[in-house]
1. For region 9-53, enumerate the residues that are under 26 Å from Ala114 (Cα atoms), not aliphatic (A, V, I, L, M) and not in a loop (DSSP other than H, G, I, E, B).
2. Within region 283-324, restricting attention to residues that are closer than 18 Å to Leu354 by Cα and aliphatic (A, V, I, L, M), which residue is nearest to the chain's Cα centre (by Cα)?
3. Do the conditions hold for Thr342, that is, is it in a strand (DSSP E or B), within 30 Å of the chain's Cα centre (by Cα) and either surrounded by 15 or more Cβ atoms within 10 Å (Cβ to Cβ) or of a type outside the set (S, T, N, Q) (or both)?
4. Any residue at all in region 142-154 that is over 23 Å from Arg212 (Cβ atoms) and either modelled with pLDDT of 95 or more or under 26 Å from the mean Cα position of the chain (by Cα) (or both)?
5. Might you check whether a residue that is under 30 Å from Ala228 (Cα atoms) and at pLDDT 95 or above occurs anywhere in region 310-322?
6. Determine, yes or no, whether Glu73 is in the same structural domain as Gly129 (by TED's automatic domain parsing), in contact (Cβ under 8 Å) with a residue 60 or more places away in the chain, buried (at least 17 other Cβ atoms within 10 Å of the Cβ) and among the charged types (D, E, K, R).
7. Against the definition (among the acidic types (Asp, Glu) and either assigned to a loop (DSSP other than H, G, I, E, B) or over 18 Å from the mean Cα position of the chain (by Cα) (or both)), how does Glu73 come out, yes or no?
8. Go through Phe310, Phe281 for me and flag whichever is outside any strand (DSSP E or B), aromatic (Phe, Trp, Tyr) and crowded, with 21+ Cβ neighbours inside 10 Å.
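The values are calculated or read from the model by the stated rules, or taken from the named source; none is laboratory data. Predicted model, so just to flag it, every value in this text is computed and none were measured. Backbone-built Cβ (ideal geometry, glycine too); neighbour counts: all protein chains shown.
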Amino acid sequence: MSPADEKAIARALLEWFRRFMRPLPWRRTYAPYEVWISEVMLQQTQMERGVGYFLRWMERFPDVSAVAAASDEDILNAWEGLGYYRRARFLHAAAKVMCERHGGRVPSEPEALAALPGLGAYTVAAIRGIAFNQDVVVVDANVERVFTRLLNIDVPPKKRAAAVLIGEAARCLLPTGHAREYNQALMEFGALVCRKVPLCIDCPLAAWCESRRLGVERERPVLAPKPAVIPVFTGHGVLVHGGRTLLAKRPEGGVWGGLWEFPGGEQVGDEPPARAAERAFATLGLAVRAKDDLGSVRHGYTNHRLTARFFRMEASPGVNLDNVLRILEKRADVRLVPCRGTGALAMPAHHRKLADRFFSGVRRRGDAQEQGTLV
């Protein structure tokens, strides 16, 4: 690609962006705090969904200081549904460091950004390039797809050789002083035109696209082999007593660490899911038995496919439930909450679906073994 081509591509890209860019809320002022939150939220999250979360987050936490002052529970509750909760925990920790060391602002210096909890190379580059308009390139999956097609790279873009080519090409096209607009143009172009199924008829870069010239644009990028799907089967119990339900807090670390759920666990060997639920309650010191099958909720995360089965539980014969629950309430990892008040606590998505389905009287077509409301 000649220097003249590089300038022409950059010019065509910026002209396209000025005409077609989406009016996203953080683009109003490019405030560093808003750019930071948007970039963290949009990792592993579709744009349409992320915008709603962003707006609600800004209402609840309008600046770095508000995030730093919030409790872990408030942060996780606001993040619920976005998944990958380590992002929220790192974001919370980074906000505290910003208040302690940077006067409650997002720093612009690369060393200071890189020292913040949870900020990897991509997020640092995005903040520098978009919030502060520093001359750095930001390479996400959309940008990888654009350059994989432009250059006809025939290996997966995460391979080192491909990543080097993409990074170099992105830097060569970067017009000095226009990093904010250029980086967003690349990402927006990859999201709207150079998509997984490309809209080549609308492409302003078609004249320079090597994959298009060779007729292999739909074969790029080359995909890396997907990891094998791991099925996971769990059983959980819903215990209702006096208009309240019992929730247990998951251990910190691991998937959904620190979130609240209906007690349960993974099935061991050939045991039925009801037994997994009963075993979890026994660990808490409460003898119960499964009474009604409330159906299953399916959920995917990373390369796992989870089937969680839920049961209405009742105390085993001879158990003084009032006394046992009074004792359990003293534990930090157990809560008895009003059945229609579970929304105040952050829960994994499959547990939230169950709570919505039964405690809110929500009836969804197609839900397995719909039993109606529990209260």
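1. Scanning region 9-53 gives Pro25, Trp26, Arg27, Pro32, Tyr33, Glu34, Trp36, Ser38, Glu39, Gly50, Tyr53.
2. Residue satisfying both the conditions and the ranking: Leu306.
3. For Thr342, the condition - in a strand (DSSP E or B), within 30 Å of the chain's Cα centre (by Cα) and either surrounded by 15 or more Cβ atoms within 10 Å (Cβ to Cβ) or of a type outside the set (S, T, N, Q) (or both) - is not met.
4. The answer is no, given that none of the residues of region 142-154 is over 23 Å from Arg212 (Cβ atoms) and either modelled with pLDDT of 95 or more or under 26 Å from the mean Cα position of the chain (by Cα) (or both).
5. Yes: one or more hits.
6. For Glu73, the condition - in the same structural domain as Gly129 (by TED's automatic domain parsing), in contact (Cβ under 8 Å) with a residue 60 or more places away in the chain, buried (at least 17 other Cβ atoms within 10 Å of the Cβ) and among the charged types (D, E, K, R) - is not met.
7. no
8. That would be Phe281, the only listed residue that is outside any strand (DSSP E or B), aromatic (Phe, Trp, Tyr) and crowded, with 21+ Cβ neighbours inside 10 Å.
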